[in-house]
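Take a look at the structure set out below.
The values are calculated or read from the model by the stated rules, or taken from the named source; none is laboratory data. All values derive from a computational prediction rather than experimental measurement. When we count neighbours, we look across all protein chains shown, and the Cβ atoms used for this are built from the backbone with ideal geometry, even at glycine. Calculation scope for accessible area: heavy atoms of the full protein, side chains included, ligands and nucleic acids excluded. Shrake-Rupley method; radii C 1.70, N 1.55, O 1.52, S 1.80 Å.
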Amino acid sequence: MSELRQNLITRDWVIIATERAKRPDQFANRKLLPALVPPHRPDCPFCVGNEEDGTSETCRLGDRSDWKVRAIYNKYPALSPTAEWMRISSGIHRTMAGIGIHEVIVEHPRHDLTTALLSIEEVANILLVYRQRYVEIRKNPHIETIIIFKNHGETAGTSLEHPHSQLAATPVVPSQFRSRIDEAIRYFDDTGECLFCRTLEDELAARERVICESEHFVAFIPYAALSPFHTWIFPRRHSSSFDEMTDAELTDLAYTLKTVLAKLYYGLNNPDYNYSIRSVPIAQRSTKYFHWYIAIIPRVSKQAGFELGSGMFINTALPEESAAFLRSIEVPGDTNFGFT
């Protein structure tokens, strides 16, 4: 029979539809992969040679002729750093100016690569730019929340195939952030411990949903995963804010993130996915109750009427089987999954 599991971090009840469950390999991307993508396209705004296309650069690793990673303002931003701060209330109607920051992180000079195929050093370079921009943007007095995310593939929302991710800094704290922080505070008040640390402790004790682990990070599929292969990467050290990550942890995270994405790439035939870094709002940098983490959501299933009408999720993959499947995936290359 199916069963309901509750995800204490999100407070979601998830239907684990065991009678409708698929084998893990049945979630593999069935569409034919596109023909070989060239390493450079002259019409791509992110490719080498198009750096002066009118977008302002905020960060660069490397020199102008031999860069590794670039951060630029989004050419079509959802938020603008030049907007004048304004907040208006008229009865039940509330309005704010669209002040904020919306940047694109161009992850590699080559057009034909994806994170799963990069070396650990190259993934570390991406994370380094994430951290540098996070540290700098948090100084802006109008910014309340910084969201770093990646859309990979058409169904995940990307429109350009050149490897890139994005950063959005908002003047408000999104309601989802508020609700998860409230739940974390409630659990801490009731038990005196961090809900995320306890979750990590339980997953390491059970081990059946762990995908991989390293010195500083653990990747696992939650007990009540909201969707098939929904994966979390938790730091072992309790830390509330992404920018508190040390250099050693950053390198280790590059290994862990690359490993998970490579296993998805080879195990599920390069599925579309989203990932996001979930960190506390700026005003709550260090807490005893919140623990930053990365959420990876492969787009291997679709939400339909039940999910939209109820707010509940139906997961047709058993988290334990999904984790075991990914553990079994061998990634070509050396034992550190480093590619050259």
For segment 266-307, listing trypsin sites (Lys or Arg not before Pro) in a DSSP loop whose Cβ sees at most 12 other Cβ atoms within 10 Å gives Lys302
Per-residue SASA entry for Asp190, accessible area with 1.4 Å probe, Å² rounded to 10
120 Å²
Heavy-atom accessible area of His152 with all protein chains present, probe 1.4 Å, nearest 10 Å²?
30 Å²
Find the centroid of the Cα atoms in segment 294-331 and in segment 44-72, then give the distance between the two in whole Å.
35 Å
By how many nm would the segment from Thr155 to Glu52 lengthen if fully extended, with 0.36 nm per residue of separation less the alpha-carbon distance?
34.1 nm
What is the distance in Å between the Cα centres of segment 1-33 and segment 206-224?
17 Å
Extending each Cα 7 Å along its Cβ direction at Glu121 and Thr95, get the distance between those two points in nm, one decimal.
5.3 nm
Accessible-area order (highest first, 1.4 angstrom probe) of the listed residues Thr95, Thr58
Thr95, Thr58
Contour excess over end-to-end distance, with Cα ends at Phe306 and Arg285 and 0.36 nm allotted per residue:
3.9 nm
At a probe size of 1.4 Å, how large is the accessible area of Glu154, to the nearest 10 Å²?
150 Å²
Excluding Ser276 itself, what net charge comes from residues whose Cβ is under 13 Å from its Cβ, given Lys and Arg +1 and Asp and Glu -1?
+3
Qualifying GluC sites (Glu not before Pro) for segment 57-129 [loop in DSSP, other Cβ within 10 Å: at most 16]:
Glu84
Considering only protein heavy atoms and a probe of 1.4 Å, how much of the accessible area of segment 200-258 is carbon and sulfur, as a whole percent?
50 percent
How do Leu326, Leu8 rank by accessible surface area computed with a 1.4 Å probe, from largest to smallest?
Leu8, Leu326
Anyone know which of Ile329, Ile126, Ile294 comes out most mobile in the 10 Å Cα GNM of the chain?
Ile329
Estimated inter-spin distance, Asp25 and Lys75, nm [label 7 Å along Cα→Cβ]:
4.3 nm
